[in-house]
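As C-alpha cells, the structure follows; a few thoughts come after it.
Read-outs: derived from the displayed coordinates by stated rules, not from any lab. If you're wondering where the values come from, they're calculated on a predicted model, not measured in any experiment. Note that we place each Cβ from the backbone using ideal geometry, even for glycine, and neighbour counts take in every protein chain shown.
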Amino acid sequence: MLQAAGSLTAIALLVAVGVVMARRGLLGDRAVDGLKALITRLTLPLLLFRAFLQLAPDGRNAVLALAVFAACAVMGVIGAGLSRALRLPRPETRLLFQGFEAGMLGYALFVALHGDERLAAFAALDMGQVVFVFTALLVQMSVLEQRQASGSAISFPWRDIARSAVLWAIAAGLTLSLAAPGPAATLSGPDGFAAPVFDTIGGLTTPLVCLVIGASLAGGVPRDPAIVTVVAARTLVGLGLGLVFGLLVVPALGFDAWHTKAAVMLFVLPAPFVIPVYHRRQAAFVGSVLTLSTAVSIALIAALAVLGVA
C-alpha cells in the first residue's frame with residue numbers, strides 16, 4: 001500500500017510538473033514531440049524488449065492474446081452500437097473504443113506501481129491488443145481514409161509498421177524468448193552487462209511519459225457532452241471487461257495475481273494515441289477524448305492500485 005502510494009505521488013508530481021512547464025512555455029509542442037520521439041524510439045523499445053524477453057513461451061499466452069484480441073473487437077462493436085443509439089460522432093466513437101494505449105502509458109504506470117520484474121505479466125496482456133491495433137484497427141482507418149480521398153487509393157501503412165522500433169522490440173524479445181529461453185533469461189535478469197542499460201535507459205520511460213501527459217493536460221479538461229459521454233462509456237465498458245478478464249479469464253488459464261492486475265489496468269487505459277495519426281477527421285474531438293480519457297484512466301488506475309486491484 002505504501003509503495004503504491006509513493007509511486008502514485010511521484011507520477012502525480014511529474015504530471016503536475018509537465019502541466020506547469022507547458023503553461024510557462026518551457027515544454028512546447030516541439031519539446032513534447034522530441035520527448036515522444038525519445039520514448040518511442042529508444043526508452044520504450046528497451047523496456048518492451050526486456051519485458052517480452054521474460055514472457056514464458058507457452059500456449060497459455062497465445063490463448064490469452066487471442067482473448068484480448070477478441071475483446072478489442074467486441075469493444076469496437078459496442079462503440080458502434082453506442083454511437084448510433086446516443087448519436088455520437090461516427091465513425092470516431094467506434095475507433096476510440098478499440099485498443100489501449102499500453103505503450104506510452106500502460107507500461108509506464110505498471111512499472112511505476114509494480115517494478116520491472118513484474119513487467120512480463122503486462123506484456124502478456126498487451127500482446128493481443130498490439131496485434132489488434134496494428135492489423136484490425138489500422139485496416140479500418142485505412143479504409144476510411146481511402147473512402148474520403150476522392151478516389152485516390154491510400155495503401156495500408158506497411159512502411160510505418162516496418163519502421164516502428166516498438167514493434168521490432170516486441171518481435172525481437174518474443175523471438176529470443178522462444179528460440180533461446182536460457183540466454184533470454186540471462187539477458188533480462190538483474191545481473192550482468194544489460195541490466196544497467198535496461199534500468200537506466202528503459203527506466204526513463206515513466207518520468208518522460210508523465211511529463212508528456214502533463215503537457216497534454218495543460219490546456220484543461222474538455223467538457224463537451226459528447227466527449228464526456230464517449231469517455232465515460234468507454235471507461236465503464238473497459239472496466240467491466242477488465243474485471244471479467246482479471247477475475248475469470250486469467251485465473252482460468254492458470255496465471256497469477258500479477259496478470260490479474262495487468263488485465264484490469266490494460267482495459268481501463270485510453271484508446272491508442274496512434275488513432276489521430278491515421279484518422280484525421282474530427283481531430284479536435286478525437287484529441288479531446290484522448291486527453292480526458294488519459295486523465296480519467298490515471299485517476300482510476302490510482303484508485304484501483306490503492307485498493308490492490310490494479
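Order of 259-272, 86-99, 241-254 by packing, highest average Cβ count within 10 Å first?
259-272, 86-99, 241-254
Most exposed first by the Cβ proxy, i.e. fewest other Cβ within 10 Å, how do Asp199, Asp33, Asp116, Asp126 rank? Walk me through the intermediate numbers first.
Working: Asp199 14, Asp33 11, Asp116 20, Asp126 27.
Going from sparsest to densest Cβ surroundings: Asp33, Asp199, Asp116, Asp126.
Along Cα→Cβ, 7 Å out, is where each label goes; now give me the distance between the ones at Val77 and Thr9 in nm to one decimal.
That separation, rounded to one decimal, is 4.6 nm.
Set Lys and Arg Cβ to +1 and Asp and Glu Cβ to -1, take the dipole of the chain about its Cα centre, and tell me which of Ala284, Val244, Ala12 lies farthest positive.
Of the options given, the answer is Ala284.
Please work out whether the range 130-254 counts as rounded, prolate or oblate from its C-alpha gyration tensor, where a ≥ b ≥ c are the square roots of the eigenvalues and a/c under 1.5 means rounded, while otherwise a/b larger than b/c means prolate and anything else oblate?
Numbers: a/c = 1.60, a/b = 1.37, b/c = 1.17.
Prolate, since a/c reaches 1.5 and a/b exceeds b/c.
Any idea which of Pro207, Pro272, Leu42 is furthest toward the positive side of the dipole for the chain, if Lys and Arg beta-carbons carry +1 and Asp and Glu beta-carbons -1?
It is Pro272.
Taking the Cα centre as origin and putting +1 on Lys and Arg beta-carbons and -1 on Asp and Glu beta-carbons, what dipole magnitude results for the chain, to the nearest 20 debye?
Values: 20 positive and 14 negative charges, 195 e Å.
Using only the charged Cβ atoms, the result is roughly 940 debye.
So what is the relative contact order for the range 2-306, in percent, with contacts set as C-alpha pairs under 8 Å and at least six apart?
Details: 383 pairs, mean separation 98.4, N = 305.
The value is 32 percent.
Given the peptides 44-57, 291-304, arrange them by the average over their residues of other C-beta atoms within 10 Å, most packed first.
Details: 44-57: 23.1, 291-304: 19.9.
In descending order of packing, they fall as 44-57, 291-304.
Could you tally the net charge around Val197, taking each other residue with its Cβ under 15 Å from the Cβ of Val197, Lys/Arg +1 and Asp/Glu -1?
On the way: positive: Arg50; negative: Asp116, Asp191, Asp199.
Once positives and negatives cancel, what remains is -2.
Please give the FRET efficiency for Ala185 paired with Leu38, using the beta carbon to beta carbon distance and R0 = 30 Å, rounded to the nearest 0.05. Intermediate results must be reported in sequence, preceding the final value.
Numbers: r = 28 Å, r/R0 = 0.95.
Computed FRET efficiency for Ala185 and Leu38 comes out at 0.60.
Among rounded, prolate and oblate, which fits the range 183-281 when a ≥ b ≥ c are the square roots of the eigenvalues of its C-alpha gyration tensor, a/c under 1.5 means rounded, and a/b larger than b/c means prolate? Display every interim value, and only then the final one.
Working: a/c = 2.75, a/b = 1.31, b/c = 2.10.
Cα axes put the range 183-281 in the oblate bin.
Treating only the Cα positions of the range 2-306 as identical point scatterers, give the base-10 log of I(q)/I(0) from the Debye formula at each q in 0.06, 0.10, 0.16 Å⁻¹.
For the range 2-306, the Cα-only Debye profile gives -0.19, -0.53, -1.45.
What does the charge add up to near Pro157, with Lys and Arg as +1, Asp and Glu as -1, over the other residues with Cβ less than 14 Å from its Cβ? Kindly include the intermediate steps, with their values, before the conclusion.
Values: positive: Arg159, Arg163, Arg280; negative: Glu145, Asp160.
Residues near Pro157 contribute +1 overall.
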